[in-house]
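These notes are about the structure you will find just below.
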Amino acid sequence: MEFELWWLLGIPVFFALGWIAARVDIHQLVSESRSLPRNYFKGLNFLLNEQHDKAIDAFIEVVKLDPESADMHFALGNLFRRRGETERAIRVHQNLLARPDLPLEQQGHAAYELGMDYLKAGLLDRAEETFNSLVDTQYAAQARRALLEIYQREKEWPRAIEAAVGLQESGAGARQKEIAQFYCELAHDALVHLKPDEAMPLLEKALQTDRKSVRATILTGDVLLARGDVEGALTTWRRVEQQSVPHVALVAQRLMDGYTKVGRPQEGVNLLRSYLEEASSIDLIEVVFKAVIELDGVEAAKQLVSAELRRTPTLLGLDKLLEARMMDAPAAIWSELSMVKNLVHGYTQKLARYQCSHCGFKARQFYWHCPGCNKWETYPPRRTEELNVMN
């Protein structure tokens with residue numbers, strides 16, 4: 001390949017063009033930065049330092065100087081909402097929507113932010129109306145998530161199912177667990193109102209949606225019991241072991257009551273003892289402990305609790321052992337045991353809580369739906385002390 005001399009002349013030309021382009025970019029950047037108000041940078045600095053009050057003041061000054069700045073309105077509205085000043089946030093986003101020159105994309109953004117303002121303020125009807133207007137826009141996924149939250153707050157489970165299915169079909173993630181829980185809520189309401197025949201088809205849908213739904217299985221057993229089919233209820237509750245061994249503690253009392261009702265209490269105790277071997281639980285021990293006392297006496301109950309305490313040493317287990325010891329303790333040491341029992345029991349009241357794995361919210365009773373973060377199935381079926389020992 002022959003080398004052409006004129007190629008050398010192209011090198012300085014390209015260099016000069018690159019230098020000119022760089023100077024143009026730098027000049028544009030400098031001019032744009034100079035055109036931005038000083039309060040804009042002050043507001044950003046306050047935001048970075050988590051000084052929201054001062055950031056709002058700075059951005060308000062920017063908006064006064066440049067009322068047409070939509071981005072500044074969005075930033076200001078979001079800051080108002082984060083501070084809990086929802087009325088001011090609503091006014092900011094309403095003013096944005098009222099602008100005739102606002103581009104279509106920013107109109108959708110403003111409507112979504114306005115819906116979030118209504119939601120934060122508890123104006124659920126207005127929020128629902130706003131989000132419904134966005135289900136055919138680019139904000140459809142966000143709008144459906146917000147609608148799902150609204151329907152859960154209002155306990156409108158059929159509409160929650162519809163919203164969750166829509167989200168799932170749009171590719172916004174799997175929602176089987178939530179949908180199954182919504183069917184369970186409807187079934188539970190039917191059971192409360194003594195309508196087991198209405199509850200059963202709902203539970204069938206729940207299990208079709210999520211085969212591993214422990215709650216649906218437990219409620220199915222409750223429906224069969226309400227119909228008078230105790231054997232069917234026992235068979236159903238025993239399926240919980242196949243779905244999740246730790247959750248058998250939630251049906252332990254149901255199983256024991258059912259076996260007692262059909263005249264086979266010893267079979268129930270033996271079954272629960274086998275569950276203890278697989279997954280020790282203070283709730284499970286509580287049920288077995290009472291049943292063993294009735295069937296086999298205090299000494300057998302003491303041996304049971306003592307063996308479990310050696311295997312899983314917890315204050316909750318010690319509290320149960322002291323209770324068993326006090327039942328046949330001599331009068332000379334009964335008062336001392338009672339004092340120790342009361343002391344240990346006082347500590348166990350703080351430890352005998354269920355704790356949400358998502359937000360850490362603690363509760364005395366087991367929840368399928370966390371009252372703290374509104375997540376579903378985030379409570380392990382074990383008390384906090386047991387979880388600490390296992391970890």
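So, in the range 233-246, exactly how many residues are out of contact with any Lys or Arg (no Cβ under 9 Å at 6 or more places or on another chain), open to solvent by less than 30 Å² (accessible area, probe 1.4 Å) and hydrophobic (A, V, I, L, M, F, W, C)? Write out each step before concluding.
Within the range 233-246, the subset out of contact with any Lys or Arg (no Cβ under 9 Å at 6 or more places or on another chain) is 235-236, 238-242, 245.
If we keep only those that are open to solvent by less than 30 Å² (accessible area, probe 1.4 Å) too, we end up with 236, 240.
Those still in the list that are hydrophobic (A, V, I, L, M, F, W, C) too: 240.
Qualifying residue count for the region: 1.
Looking at (1) open to solvent by 50 Å² or more (accessible area, probe 1.4 Å); (2) part of a helix (DSSP H, G or I), which is the one condition that is false for ALA174?
Result: ALA174 passes all but (2).
Inspect the range 108-115 for any residue being open to solvent by 60 Å² or more (accessible area, probe 1.4 Å) and closer than 26 Å to HIS369 by Cβ and give the result as yes or no. Let's see the steps before the verdict.
Step one: list which residues in the range 108-115 are open to solvent by 60 Å² or more (accessible area, probe 1.4 Å), which gives none.
Taking every residue of the range 108-115 in turn, none turns out to be open to solvent by 60 Å² or more (accessible area, probe 1.4 Å) and closer than 26 Å to HIS369 by Cβ.
Pairs only if they're at least six apart or on different chains, beta carbon under 7 angstrom, first in the range 88-117 and within 21 Å of ALA146 (Cα to Cα), second charged (D, E, K, R) and open to solvent by less than 50 Å² (accessible area, probe 1.4 Å); list them, first residue then second.
Qualifying pairs under 7 Å: ALA89/ARG81; ALA89/ASP117; ILE90/ASP117; HIS93/GLU113; HIS93/ASP117; MET116/ARG81; ASP117/ARG81.
Going by the conditions given, is ALA249 open to solvent by less than 10 Å² (accessible area, probe 1.4 Å) and assigned to a helix (DSSP H, G or I)? Give the derivation first.
Numbers: open to solvent by less than 10 Å² (accessible area, probe 1.4 Å): no; assigned to a helix (DSSP H, G or I): yes.
It is false that ALA249 is open to solvent by less than 10 Å² (accessible area, probe 1.4 Å) and assigned to a helix (DSSP H, G or I).
Can you find even one residue in the range 207-224 that is of a type in the set (Asp, Glu) and at pLDDT 95 or above?
Filtering the range 207-224 for residues of a type in the set (Asp, Glu) gives 210, 222.
The next check asks that each one be at pLDDT 95 or above; those that pass are 222.
There is at least one residue in the range 207-224 that is of a type in the set (Asp, Glu) and at pLDDT 95 or above.
Is it the case that the range 138-156 has a residue that's open to solvent by 20 Å² or more (accessible area, probe 1.4 Å), free of Cβ contacts under 8 Å to residues at least 40 places away in the same chain, over 30 Å from LEU203 (Cα atoms) and not aromatic (Phe, Trp, Tyr)?
Yes, the range 138-156 contains at least one residue that is open to solvent by 20 Å² or more (accessible area, probe 1.4 Å), free of Cβ contacts under 8 Å to residues at least 40 places away in the same chain, over 30 Å from LEU203 (Cα atoms) and not aromatic (Phe, Trp, Tyr).
Please specify each residue of the range 177-226 satisfying the condition of being in contact with a helix residue (DSSP H, G or I) (Cβ under 7 Å, 6 or more places away or on another chain), outside any helix (DSSP H, G or I) and among the basic types (Lys, Arg).
If the condition is that a residue be in contact with a helix residue (DSSP H, G or I) (Cβ under 7 Å, 6 or more places away or on another chain), outside any helix (DSSP H, G or I) and among the basic types (Lys, Arg), then LYS212 is the only one that fits.
For (1) on the phi > 0 side of the Ramachandran plot; (2) part of a helix (DSSP H, G or I); (3) not aliphatic (A, V, I, L, M), each residue gets a yes or a no:
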residue	(1), (2), (3)
LEU102	no, no, no
GLN107	no, yes, yes
TYR112	no, yes, yes
ASP117	no, yes, yes
LYS120	no, yes, yes
ARG126	no, yes, yes
GLN138	no, no, yes
ARG145	no, yes, yes
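Inspect all residues belonging to the range 282-298 and state whether any of them is under 22 Å from VAL240 (Cα atoms) and touching a residue at least 60 places away in the same chain (Cβ under 8 Å).
There is at least one residue in the range 282-298 that is under 22 Å from VAL240 (Cα atoms) and touching a residue at least 60 places away in the same chain (Cβ under 8 Å).
Determine which member of the set GLU198, GLU162 is over 20 Å from ASN374 (Cβ atoms), of a type in the set (Asp, Glu) and either free of Cβ contacts under 8 Å to residues at least 24 places away in the same chain or open to solvent by less than 80 Å² (accessible area, probe 1.4 Å) (or both). Outline the logic, then answer.
On the way: GLU162 fails: over 20 Å from ASN374 (Cβ atoms).
The match here is GLU198.
Can you name every residue in the range 71-100 that is loosely packed, with under 13 Cβ neighbours inside 10 Å, at pLDDT below 80 and part of a helix (DSSP H, G or I)?
ASP71
Considering only the range 252-281, state which residues are polar (S, T, N, Q) and either open to solvent by 70 Å² or more (accessible area, probe 1.4 Å) or in contact with a Ser or Thr (Cβ under 8 Å, 6 or more places away or on another chain) (or both).
Here is the first cut: in the range 252-281, the ones polar (S, T, N, Q) are 253, 260, 266, 270, 274, 280-281.
Correct list: GLN253, THR260, GLN266, ASN270, SER280.
The values are calculated or read from the model by the stated rules, or taken from the named source; none is laboratory data. Source: prediction; values computed, not measured. We place every Cβ from the backbone using ideal geometry, glycine too, and count neighbours over all the protein chains shown. The area values use the complete protein model at the heavy-atom level, side chains included, leaving out ligands, DNA and RNA. Shrake-Rupley method; radii C 1.70, N 1.55, O 1.52, S 1.80 Å.
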